[in-house]
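Report on the following structure.
The values are calculated or read from the model by the stated rules, or taken from the named source; none is laboratory data. These figures come from a predicted structure and were not determined experimentally. When we count neighbours, we look across all protein chains shown, and the Cβ atoms used for this are built from the backbone with ideal geometry, even at glycine. Just the protein is used for accessible areas: all its heavy atoms, side chains included, with ligands, DNA and RNA removed. Shrake-Rupley method; radii C 1.70, N 1.55, O 1.52, S 1.80 Å.
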Amino acid sequence: SIAAAQNAPDLVQKAFDERFPGASDVNWEKEIPRGWIAEFVWNSQNMKVNYTLNGVWVSSQTQIPQTEIPENVYATINSFYPDWKIVLATKIESGTGDPLYKAAIQKEMQLQEIILKSDGTLMMVGLK
């Protein structure tokens, strides 16, 4: 569950400030029991980041333009969802190797969220 917006503890805030200097419009939420989530703008990009309760970085999600979606990822989306339109693309980094890519795709009134590896492997499909 997610608690109402509040300030992150100093330990988490310090880790955040070191990793994302100059971030603006920062909104913190406590994700119980796992840690803290911040949504913010950094280098003109909309971002979301997760930290553990004791300030260890877990992952970052960066909204990206469709032009930054890797060719393999784009090809898989077009292959599995030929009539769907990408409405939002996000790059997910977690420090465990290659980034993942999340795409919100739409066909008429249907909306789905899919996650792919950078080599184009489809990992997860979920309804929005």
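Here are some notes:
- Debye, to nearest 20: dipole size of the range 4-46, +1 on Lys, Arg Cβ, -1 on Asp, Glu Cβ: 100 debye
- Rounded to the nearest 10 degrees, the angle from helix 71-80 to the longest Cα principal axis of the chain is 60 degrees.
- Nearest-ten-degree value, helix 10-19 long axis tilted from longest Cα axis of the chain: 50 degrees
- The range 76-128: GluC sites (Glu not before Pro) in DSSP coil with no more than 16 other Cβ atoms inside 10 Å: 108
- Heavy-atom accessible area ranking, 1.4 Å probe, most first, across 109, 47: 109, 47
- Here the chain is described by how far its Cα atoms reach on the three principal axes: 47, 27, 25 Å, from widest to narrowest.
- Rolling a 1.4 angstrom probe over the chain with all protein chains present gives an accessible area of which 49% lies on carbon and sulfur atoms.
- MRE, 222 nm, helices only [DSSP H, n ≥ 4, -39500 (n - 2.57), over the chain, to nearest 500]: -4500 deg cm²/dmol
- Spatially near lysine pairs across the chain, Cα under 27 Å, sequence gap of 8 or more or different chains: 26
- Highest mean first, the peptides 97-106, 13-22 sorted by other C-beta atoms within 10 Å per residue fall in the order 97-106, 13-22.
- A simple charge model with +1 on the Cβ of Lys and Arg, -1 on the Cβ of Asp and Glu and nothing else charged puts the dipole of the range 1-102 at about 160 debye relative to its Cα centre.
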